[in-house]
Amino acid sequence: MLPIEESFDLHHFRPSEVLKMLDAYLDAALEEGLREVRLIHGRGKGVQRAQVRQFLRDDGRVERFEQAPPARGGWGATVAWLREPPGRGRPSAV
């Protein structure tokens, strides 16, 4: 198994696999405690970027997302902030 890092490069996958791998990555990132991740989809024609962003828009694990700043990939990457999983927040006061 590969280590889960704050960046996930989608170039390594066939287009038909991208969303399945993104789904698995988000699960693993949350399990590792990551709350901010960078998804590298490339610049190209924007087809993969649009698919990734639609996936993020519809996914309940994602709090928000935006284009990465220039130093982190610009329009070739998207930064997403993930929600705290239920039951993993700070302990409540008793």
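Values quoted throughout were computed directly from the atomic coordinates according to the rules given, and no laboratory measurement underlies them. Note that the structure is predicted; figures quoted are calculated from it, not measured. Neighbour counts run over all protein chains shown; Cβ positions are idealised from the backbone, glycine included.
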What dipole magnitude, in Debye to the nearest 20, does the stretch 7-82 give about its Cα centre under +1 on Lys/Arg Cβ and -1 on Asp/Glu Cβ?
-> 440 debye
Counting pairs of Cα atoms in the chain, how many percent are more than 20 Å apart?
-> 34 percent
In a Gaussian network model over the chain where Cα atoms closer than 10 Å are linked, find which of A77, A24, A68 has the largest mean-square fluctuation.
-> A24
If you take every DSSP beta bridge whose two residues both sit in the chain, what share of them, in percent to the nearest 5, is antiparallel?
-> 75 percent
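Loop only per DSSP, at most 16 neighbouring Cβ atoms within 10 Å: give me the chymotrypsin sites (Phe, Trp or Tyr not before Pro) in the stretch 5-94, ordered by residue number.
Working: sites: F8, F13, Y25, F55, F65, W75, W81; in loops: F13.
Answer by residue number: F13.
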Rounded to the nearest 10 degrees, what's the angle between the helix 47-58 long axis and the longest principal axis of the chain, both from Cα atoms, 0 to 90?
-> 20 degrees
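Do you know the relative contact order of the chain, to the nearest whole percent, from alpha carbon pairs under 8 angstrom that are 6+ apart?
Details: 122 pairs, mean separation 26.5, N = 94.
With pairs under 8 Å counted, the relative contact order is 28 percent.
What does the charge count around E6 come to, taking other residues whose C-beta lies under 11 Å from its C-beta (Lys +1, Arg +1, Asp -1, Glu -1)? List each step's numbers first, then the result.
Values: positive: R35, R38, R72; negative: E5, E32, E36.
Here the count lands on 0.
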